[in-house]
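Inspection log for the structure reproduced underneath, given as structure tokens.
The values are calculated or read from the model by the stated rules, or taken from the named source; none is laboratory data. In this text, all values refer to a predicted model and were calculated from it rather than measured experimentally. Quick reminder, even Gly has a Cβ in these numbers, built from the backbone with ideal geometry, and neighbours come from all protein chains shown. What goes into the accessible areas is simple: the full protein's heavy atoms, side chains included, and nothing from ligands, DNA or RNA. Shrake-Rupley method; radii C 1.70, N 1.55, O 1.52, S 1.80 Å.
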Amino acid sequence: MMSMALSLQIITALLFITVVTVSSSPPDGFTMDLIHRRSNSSSTGRSNTYDQLRSSPYADVIFDTASRGGYLMKLQIGTPPVEIEAVIDTGSEVIWTQCLPCLNCYHQRNPIFDPSKSSTYKDLRCNNTPDHSCVYDIVYADQSYSLGSFATETVTMKSTSGHSYVMPKTIIGCSHNSSVHRRSYSGIVGLNLGPLSLVSQMGKHMQGAISYCFSPEGRTSKINFGSNAIVSGEGTVSTTMFIHKEKPAFYYLNLDAVSIEETRIETLGTPFHAVDGNIIIDSGSTFTTLPASYCSLVREAVERVVTAERVPSQHDMLCYKTDTMDIFPVITMHFSGGADLVLGKNNTYMDINGEAICLIVICGSTEEEAIFGNKAQNNFLVGYDLFSRLVSFKPTDCGVTQDIPIDDDSISAASLFQFNIKFVLFIFVLSLIRL
């Protein structure tokens with residue numbers, strides 16, 4: 001009897017040790033689904049914050065025609081958790097959501113977060129305001145804005161595998177005064193290089209890697225973190241990620257040229273030319289924007305190919321009266337390091353109610369930053385390697401379920417668990433035999 005009791009103790013102890021070993025090891029990667037929201041807004045903007053505030057996951061993304069033209073991530077904040085939908089934005093830093101009480105809030109799809117009902121919410125305190133609150137003020141390029149205060153809160157993300165990735169004491173913005181042109185989402189998840197972004201707050205065990213695959217409207221998209229975010233294989237091209245001292249949080253790429261079919265238009269010899277980054281890659285902006293002087297050269301090359309009737313449009317877009325994209329030329333973006341992206345027709349042209357088709361490369365002012373928007377990134381697996389300072393692109397049908405990379409550590413943990421179970425059962429059976 002003592003042998004049996006001892007065996008049961010061994011079983012209990014080993015099972016406990018095994019479970020603790022497996023569950024205490026944080027994931028080094030995961031994936032989530034995204035939701036796509038359609039708009040023509042731009043996300044990159046300025047943010048005023050206080051100086052002192054300065055493994056591999058997969059996630060789903062959804063496209064929403066009522067948002068700022070971005071892809072939404074579902075996440076939970078607080079204890080008990082409250083679900084929100086927020087635009088993922090590589091062009092901004094702060095993670096924020098609308099909060100009660102609201103001085104001026106817009107209508108959103110999900111209930112507005114009430115901090116008073118969360119046991120893990122805690123306001124951050126600063127010494128340079130009368131009430132010691134840490135306030136922020138963000139104005140985006142489309143003049144949308146968010147004003148509020150910083151706090152720490154538990155943020156939970158559910159992966160496509162059903163597991164939860166929990167980030168306690170995450171710094172978020174609680175917005176009490178906000179306005180956006182396209183409503184429905186709860187806030188924004190900043191993914192740039194700033195210290196308050198989701199990527200920065202995830203820490204080193206996510207390997208400084210994110211990737212996403214944006215599908216056209218109506219199909220599921222994905223966002224990946226850590227080891228799941230690796231972009232490699234046939235067709236993959238990579239280009240250097242540049243960081244500007246005056247704007248160190250943005251992901252700059254260097255655009256060397258744009259080709260309209262076989263006509264290559266170099267940036268060399270134009271004010272747009274650079275060797276250390278001249279265009280920001282931005283998941284939160286819909287359209288691609290180029291400076292007017294260079295953009296006009298691109299438009300003229302398109303006009304020389306398309307013979308359909310021109311029609312007037314808003315924002316001086318190049319539009320034609322036609323119902324087929326077959327008449328439009330293929331556009332290739334040539335980034336530094338030989339990263340040539342041959343864009344599909346749906347990446348560069350947009351059908352307007354079946355009455356016209358427009359070029360969606362927008363000519364901005366000389367003062368505006370050039371933007372490589374999310375529409376041009378559709379059906380590419382786009383990866384950001386923050387340690388190697390590379391951005392990689394792989395042509396991919398993003399609406400089709402992709403194979404999820406299998407993490408070696410997960411395999412090792414699972415194998416260890418199975419081995420321990422078998423070993424414990426062996427000891428148990430041996431004890432019974434001895435009885």
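The dipole here belongs to region 63-173: it is taken about the Cα centre, uses +1 on the Cβ of Lys and Arg and -1 on the Cβ of Asp and Glu, and is about 320 debye. Expressed as a whole percentage, what fraction of the accessible surface of region 243-306 belongs to carbon and sulfur atoms when a 1.4 Å probe is rolled over the protein heavy atoms? About 55 percent, which is the carbon plus sulfur part of the accessible surface. Size descriptors for region 82-148, from the alpha-carbon set: Rg then Dmax equal 13.3, 36 Å.
Largest first, the extents of the alpha carbon coordinates of region 168-256 on the three principal axes equal 46, 38, 33 Å. Projecting the alpha carbon convex hull of region 145-202 along each direction and taking the average yields 5.0 nm².
The residues of region 145-209 present an accessible area of 36 Å² per residue when probed at 1.4 Å with all protein chains retained.
I need the shape label for region 337-393. Rule: rounded when a/c is under 1.5, else prolate if a/b > b/c, else oblate, with a, b, c from the alpha carbon gyration tensor.
Oblate.
Binning all Cα-Cα separations of region 217-307 at 10 Å, short to long from zero, yields these whole-percent fractions: 12, 34, 35, 18, 1. Quick check: net charge around Val311, other residues with Cβ under 10 Å of its Cβ, Lys/Arg +1 and Asp/Glu -1? Charge balance in the 10 Å sphere: 0. Across every pair of non-identical alpha carbons in region 76-202, the mean reciprocal distance, once inverted, gives a Kirkwood radius of 14.7 Å.
How do 134-146, 200-212 rank on mean C-beta neighbours within 10 Å, highest first?
Details: 134-146: 19.2, 200-212: 21.0.
The peptides rank, most packed first, as 200-212, 134-146.
Translational diffusion coefficient of region 282-390 at 37 °C, 0.692 mPa s, Stokes-Einstein with Kirkwood Rh over Cα pairs, in µm²/s as a whole number.
On the way: Rh = 14.9 Å.
Rounded to a whole number, D works out at 220 µm²/s.
In region 73-167, what percent of the accessible surface is made up of carbon and sulfur (1.4 Å probe, ligands and nucleic acids excluded)? That fraction is 55 percent.
How do 261-268, 153-160, 390-397, 124-131 rank on mean C-beta neighbours within 10 Å, highest first? Kindly include the intermediate steps, with their values, before the conclusion.
Numbers: 261-268: 14.0, 153-160: 21.2, 390-397: 19.1, 124-131: 11.4.
Peptide ranking by packing, descending: 153-160, 390-397, 261-268, 124-131.
Of the listed pairs Lys321/Lys375; Lys74/Lys245; Lys74/Lys169; Lys122/Lys222; Lys204/Lys394, which have alpha-carbon separations greater than 29 Å here? The answer is Lys74/Lys245; Lys122/Lys222. For region 162-301, averaging the sequence separation of C-alpha pairs within contact (under 8 Å, six or more residues apart) and dividing by the residue count gives a relative contact order of 14 percent. Averaging the sequence gap over all C-alpha pairs within less than 8 Å and six or more residues apart, then dividing by the number of residues, gives region 278-362 a relative contact order of 31 percent.
Considering Cα pairs under 8 angstrom that are at least six residues apart, work out the relative contact order of region 175-242 and quote it in whole percent.
Details: 53 pairs, mean separation 12.5, N = 68.
Reported relative contact order: 18 percent.
Considering region 247-296 at the alpha-carbon level, its Rg and Dmax are found to be 11.7, 35 Å.
Using only the C-alpha atoms, the convex hull of region 317-368 corresponds to 90 Å³ per residue.
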